[in-house]
Amino acid sequence: MIIMKTRLRLSAGILCLCLALAMGSSAWAERVKMLTLDEALTTALEHNTSYALFLWEQEVGLAKDALKKHPKISTELRPAGVEDGAWQGPQGSLTIAVPLGGSVSLDGRLSVAVDAQSVAVKPTGSLTLGYDLFALPGQESLEPSPEESMRRQVNSLVLQVLELLVDLRKAMDIKEYEEAVLQHLEAQLKAARQTPNYDDLELRRKLRDQISVVAARSEEVDHLQLQLRTVLGVETEEFYQPVLAVHLFEQEFFEEELEPELFAASPELRRARGELERAQTELELERKTMGWKVKVAGGLTVGDGVGWNVGLTASKDLYPRQTILNELELAVAKAEHALELQESALRGELRGALQAIKAAQNQVQLLAELLEEAQEDLALRQRQHEAGLATELQVEEASLAVQKAQMEYFHGELNYARGAAALWNLCGRQLQEMIFAVIS
């Protein structure tokens, strides 16, 4: 009697789950939207919030950089004041700094004061030009260009969209397979109950476990759907079905050919090389100038009269020179070591990416063989069933094996496409167009 009640409760639970899955599948089928990689990228580039903020930041940055090439003008106003017990009238000044280069400076200043007693305007002006003979080069060139920043941002968004589409497609495929397994277990349990005194305890346990698996897969799909909508910048409750096709190609990748691209695309390596060059320049200047800083300056003053001046100034820190040289040599050694570490790290990333692609290629070949074997097994089971030598459940098991093999083969292709995209991004290539050579 207890066993009968347990079976009835399990049957009721299975019936409720099947109704829920059927209702969910029906609702899903009504609002599902096929989504290709091209459509996803177009939507993300138009509506992704992070990308829109990046474009805004780029626009502001370009305007700011353009201003650096123009004269910098500042003004100062002093309505009134007291100096040495005497009342001072209004004063004002206008200062202009003209950018001429890292070692050249040109400044101009125009001042106007009102004499509190005679109410007379007293304009004065000055112009100063300075040139540092041994100035170190600036570090502006170490920063990535706007074009490079744009490429990196777009590649990052392309990879993010691709990852989500691939993960979602995998999750939906696995969920579909697990639902097929659940239906097969239900059919097995139904057939087992036709056999008198058959112990179906193990089948019922498997069925309960499979129900939990299907529920977990459904939750994973819903979570990935939410993530995808967020990245695409879509506010409506769309339910996407990723439509992906992988294009396998026989092109081989060689480390020696890709290394120059890798090094040229790395801002970290470029920064390390710039730091080394700066440290070497500073050491060379110290040895050449003996620590002296030499600057040429000239000025023109206009007020009550016209005056001008030209001068050469030399300065030096009174510090043990050998200690300074040791510090600079240490800085060069540390910069050389940092450069070596950066190059080594990049080579390691490149080898890892190449190994991942090779492993994916080998995996695809193996999964193709397993798929062919599963299809042969299914054909054999179908012939045996036609001859009365196999049951429908055995044919269903073989069909499930084919479905799983097809799914794993396709997922192996997706892993290959993902590996190729990661490699191209590492080498600084434009993914927005190149990605369609391997997946669409």
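Tell me whether segment 238-245 contains one or more residues that are at pLDDT below 90, at negative phi and not aromatic (Phe, Trp, Tyr).
The answer is yes; a qualifying residue exists.
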Some residue of segment 347-359 being touching a residue at least 24 places away in the same chain (Cβ under 8 Å), of a type outside the set (D, E, K, R), surrounded by 15 or more Cβ atoms within 10 Å (Cβ to Cβ) and in contact with an Asp or Glu (Cβ under 9 Å, 6 or more places away or on another chain): yes
Single match in Gln210, Gln227 (criterion: outside any loop (DSSP other than H, G, I, E, B), touching a residue at least 60 places away in the same chain (Cβ under 8 Å), surrounded by 13 or more Cβ atoms within 10 Å (Cβ to Cβ) and in contact with a helix residue (DSSP H, G or I) (Cβ under 9 Å, 6 or more places away or on another chain)): Gln227
Any hit, segment 406-428, residues being more than 16 Å from Leu157 (Cα to Cα), at pLDDT 90 or above and of a type in the set (D, E, K, R): yes
From the options Arg351, Arg383, residue that is under 30 Å from Asn155 (Cα atoms) and of a type in the set (Lys, Arg): Arg351
Positions within segment 308-340 being touching a residue at least 40 places away in the same chain (Cβ under 8 Å) and within 15 Å of Glu268 (Cα to Cα), in sequence order: Ala335, Glu336, Ala338, Leu339
Candidate set: segment 172-207, residues that are assigned to a loop (DSSP other than H, G, I, E, B) and polar (S, T, N, Q); chosen: the one farthest from the chain's Cα centre (by Cα): Asn197
Cβ pairs under 6 Å, 6+ apart, first in segment 252-272 and over 24 Å from Pro146 (Cα atoms) and in a loop (DSSP other than H, G, I, E, B), second modelled with pLDDT of 90 or more and of a type in the set (A, V, I, L, M, F, W, C): Phe253/Leu354
Search result, residues across segment 317-337 that are part of a helix (DSSP H, G or I) and not aliphatic (A, V, I, L, M): Arg321, Gln322, Thr323, Asn326, Glu327, Glu329, Lys334, Glu336, His337
Meets criteria (under 26 Å from the mean Cα position of the chain (by Cα), over 27 Å from Asn362 (Cβ atoms) and exposed (fewer than 14 other Cβ atoms within 10 Å of the Cβ)) for Glu268: yes
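The values are calculated or read from the model by the stated rules, or taken from the named source; none is laboratory data. From a predicted model like this one, the values you see are computed outputs, not experimental measurements. Note: ideal-geometry Cβ built from the backbone for every residue, glycine included; neighbour counts use all protein chains shown.
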